[in-house]
Amino acid sequence: MTHLEQYNQIFMKLFGVAEEDLPSLIYLRGNWDSLQHIEMITMMEDTFNISINSTDVILFNSYEKGKEILRKYDVEV
């Protein structure tokens, strides 16, 4: 499974959305709340074996922004 597929699986599983809806996901809109945000960050760290710093946790506010942030940790999605 590619990194992108793993990334998408986290979002689809956690937020219960279809793959085509992923690009529209934004923090604090719809079903992405603060508790799910922390769970998502934990899943990202576990899946990609990284530690996301607190600044990036705050900046990780959309599906698209998350891809950009993961690239900082050498995770190509």
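Computed with a 1.4 Å probe over protein heavy atoms only, the accessible surface of the range 3-72 comes to 58 Å² per residue.
The Cβ shell under 15 Å around residue 22 holds other residues with a net charge of -2, Lys and Arg each +1, Asp and Glu each -1.
Stretching the chain fully between residue 29 and residue 57 yields a gain of 8.4 nm (0.36 nm per residue, less the alpha carbon separation). Phi angles across the range 65-77 convert, under the Karplus curve 6.51 cos²θ - 1.76 cosθ + 1.60 with θ = phi - 60°, into 3J(HN,Hα) values of 5, x, 4, 4, 5, 4, 4, 5, 9, 6, 10, 7, 10 Hz, Gly and Pro given as x. For the chain, the dipole from Cβ point charges (+1 on Lys and Arg, -1 on Asp and Glu) about the Cα centre works out to 160 debye, to the nearest 20. Taking θ as phi - 60° and the Karplus parameters 6.51, -1.76 and 1.60, the scalar couplings of the range 46-60 work out to 5, 5, 9, 6, 10, 10, 8, 6, 4, 4, 5, 4, 5, 6, 6 Hz in sequence order, x denoting glycine and proline. Among 31, 14, 3, which residue has its Cα furthest toward the positive end of the charge dipole of the range 2-77, with +1 on Lys/Arg Cβ and -1 on Asp/Glu Cβ? Ranked along the dipole, the leading option is 31. Distances between placed amide hydrogens fall under 5 Å for residue 25 paired with 63, all partners being 5 or more residues away or on another chain. The calculated pair-distance distribution of the range 3-72 uses every alpha carbon pair, bins of 5 angstrom beginning at 0, and gives 3, 16, 34, 30, 13, 2 percent.
The values are calculated or read from the model by the stated rules, or taken from the named source; none is laboratory data. What you see is a predicted model; the values in this text were computed from it and never measured. For neighbour counting, all protein chains shown are included, and Cβ atoms are generated from backbone atoms with ideal geometry for every residue, glycine included. Just so you know, the surface numbers come from the protein's heavy atoms only, side chains and all, with ligands and any DNA or RNA stripped out. Shrake-Rupley method; radii C 1.70, N 1.55, O 1.52, S 1.80 Å.
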